[in-house]
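The values are calculated or read from the model by the stated rules, or taken from the named source; none is laboratory data. As the structure is a computational prediction, the values presented were derived from the model and not from experiment. Note that we place each Cβ from the backbone using ideal geometry, even for glycine, and neighbour counts take in every protein chain shown.
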Amino acid sequence: MAFNLEELGIAPAGLDAVRPFAVEGLDVRGRAVALGPVLDKILGRHDYPEPVSRLVAEAVVLTSLLGTSLKFEGRFTLQTQTQGPVSMLVVDFASPDAIRACATFDAERVEALTKAGKATPEALLGTGHLAMTIDQGQHMQRYQGLVELDGMSLEDVARQYFERSEQIPTEVRLGVGELYTRPQGEGLERTWTAGGVLIQFLPEAPERMRQADIDPGDAPAGTEPHEIEEDDAWVEAKVLVDTIKDVELTDPEVSVEMLLFRLFHERGVRLFEVQPLADKCRCSREKIENVLANFTDEEIDAVTIDGKIVVTCEFCSTHYEFDNKPGR
C-alpha cells in the first residue's frame, strides 16, 4: 500500500533521525530510525573490515533507538567485552543528539571467519557480556544492566535485556546495508545505510505484561516450564514487526513514516517529534591534557613519538600532540 506523506500533512524525519511513535490500539510504543551520512562518517574514518563495520552499524542503530529515549541530559553507553574476534565494541550517545562508536578487533581472526563465510555479528562477538549504562550526570547514580553474550544477535540482546531488567515485552529489528553509486566521471563509491524499529508493550493494566519466569537452570528433572499466554495485542504487534524486510530498513527512499504506516495503518499510528542524530565526539585538547596529567612517566614514554606526546582519539581519530607532559 502506498502512502503520500504530503497528503497526510506529515514531514518525513529523513535520514539520521529517530521517530518516536505509538500504536494506541495495540498498547504499543516504539521508536524507528534511519541512518545515512552520520553512520557513513563514523565507519568511514575507521576503515574497518566489512563484517566489523556491519556489527558496529547494528550497535549504532540499537544505541540510537535506546539512547534517544532518555528524558534528561545524560549519556547512554553500549559496550561489549568478549572473547570473540571483536573483543570490544563501544557506542556512546550523549543527549540530545551526539553519537560516536569504535571497536577493537583481531584482524587475523576476522579475516579467517570472513574467508570461511562465517563472519556473522554473533560469531564476531563470541562469548562475554554486553553492558548498557545510563549516566545521569554528576552527583547522580549510574545505572548499568548486563547481558551475557553466547552466540546472541544484538536483536536478541535487546529483547533479553528488557525482559530481565525491565520486565517489558520488547521486539526489535535492525538492518544494515551498503549503497553503491558511480558519480559522474568517478569510480564506484560505497556508502553505508542502516535502520531499525523497536516496539514495547505498555498497557495500562500491568498484569497484561506478564511474562514466563526465567528458568533458573537447576529445576528438578521433569519440571514443567512456566508458560503464560501472550496478550493478543502484543502478539499482533510482534507479527507485524516480524514482516519488516531488511531493504525497508536500509533503502533511503523508504522513510520511517512510510514503514510505520505500512505496519500499523489499520490500528492507527501516532507520530511524535523527530529527534535528530549527529556525528559528534566529546574529546578535546583540554580533556586529553587532564588525562595525561595523571599518567606515569612510563605511560608517557609509551605515547611519545619523536619527542612529542601523541594521542589519538579512538572514536573520532583526531590526533593531539604535546611537547611536554601537561602540568609540568
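Cβ-Cβ distances below 9 Å connect the following pairs, each with a first residue in region 232-254 that is farther than 22 Å from Arg29 by Cβ, a second residue that is surrounded by 12 or more Cβ atoms within 10 Å (Cβ to Cβ) and hydroxyl-bearing (Ser, Thr, Tyr), and a separation of six or more residues or different chains: Thr250/Thr193; Asp251/Thr193; Pro252/Thr193.
Scan region 295-306 and give yes if some residue there is surrounded by 12 or more Cβ atoms within 10 Å (Cβ to Cβ), without any contact (Cβ under 8 Å) to a residue 60 or more places away in the chain, hydrophobic (A, V, I, L, M, F, W, C) and in contact with a Cys (Cβ under 7 Å, 6 or more places away or on another chain), otherwise no.
No: region 295-306 contains no residue that is surrounded by 12 or more Cβ atoms within 10 Å (Cβ to Cβ), without any contact (Cβ under 8 Å) to a residue 60 or more places away in the chain, hydrophobic (A, V, I, L, M, F, W, C) and in contact with a Cys (Cβ under 7 Å, 6 or more places away or on another chain).
Selection of first residues in region 169-193 that are at pLDDT below 75 and of second residues that are in a strand (DSSP E or B) and among the acidic types (Asp, Glu), restricted to Cβ pairs under 9 Å at least 6 apart or on distinct chains, gives the following pairs, ordered by first then second residue: Arg182/Glu189; Pro183/Glu189. The set of residues in region 275-301 that are of a type outside the set (D, E, K, R) and assigned to a helix (DSSP H, G or I) comprises Ile288, Asn290, Val291, Leu292, Ile300. Reported count of residues in region 58-77, each being under 15 Å from Leu35 (Cβ atoms) and either touching a Leu at 6+ places or on another chain (Cβ under 8 Å) or among the β-branched types (Val, Ile, Thr) (or both), is 10.
For the condition of a type outside the set (A, V, I, L, M) and modelled with pLDDT under 95, Gly14 qualifies. Of the strands (runs of 3 or more DSSP E) contained entirely in region 22-133, those carrying at least 1 residues that are hydrophobic (A, V, I, L, M, F, W, C), over 22 Å from Glu148 (Cβ atoms) and touching a strand residue (DSSP E or B) at 6+ places or on another chain (Cβ under 7 Å) fall at 28-35, 86-94, 98-105. Within region 82-103, count every residue that is β-branched (Val, Ile, Thr) and over 12 Å from Phe315 (Cβ atoms). Residues in region 82-103 being β-branched (Val, Ile, Thr) and over 12 Å from Phe315 (Cβ atoms): 2 in total. Taken over region 50-82, the criterion of being more than 26 Å from Tyr143 (Cβ to Cβ) and surrounded by fewer than 18 Cβ atoms within 10 Å (Cβ to Cβ) is satisfied by Glu50 alone.
Sort through Glu171, Glu163, Glu178 and tell me the only one that's touching a helix residue (DSSP H, G or I) at 6+ places or on another chain (Cβ under 7 Å), among the charged types (D, E, K, R), in the same structural domain as Phe72 (by TED's automatic domain parsing) and not in a loop (DSSP other than H, G, I, E, B).
Values: Glu163 fails: touching a helix residue (DSSP H, G or I) at 6+ places or on another chain (Cβ under 7 Å); Glu178 fails: touching a helix residue (DSSP H, G or I) at 6+ places or on another chain (Cβ under 7 Å).
Exactly one of Glu171, Glu163, Glu178 is touching a helix residue (DSSP H, G or I) at 6+ places or on another chain (Cβ under 7 Å), among the charged types (D, E, K, R), in the same structural domain as Phe72 (by TED's automatic domain parsing) and not in a loop (DSSP other than H, G, I, E, B), namely Glu171.
Quick check on my filter: what residues within region 112-142 are without any contact (Cβ under 8 Å) to a residue 60 or more places away in the chain and either outside the structural domain of Val176 (by TED's automatic domain parsing) or in contact with a helix residue (DSSP H, G or I) (Cβ under 6 Å, 6 or more places away or on another chain) (or both)? Those that are without any contact (Cβ under 8 Å) to a residue 60 or more places away in the chain and either outside the structural domain of Val176 (by TED's automatic domain parsing) or in contact with a helix residue (DSSP H, G or I) (Cβ under 6 Å, 6 or more places away or on another chain) (or both): Ala123, Leu130. Taken over region 56-87, the residue count meeting the criterion of being hydrophobic (A, V, I, L, M, F, W, C) and either outside the structural domain of Cys102 (by TED's automatic domain parsing) or within 14 Å of Asp106 (Cα to Cα) (or both) is 1. Only a single item in (1) among the acidic types (Asp, Glu); (2) over 22 Å from the mean Cα position of the chain (by Cα); (3) modelled with pLDDT of 85 or more is not met by Glu314, and it is number (2).
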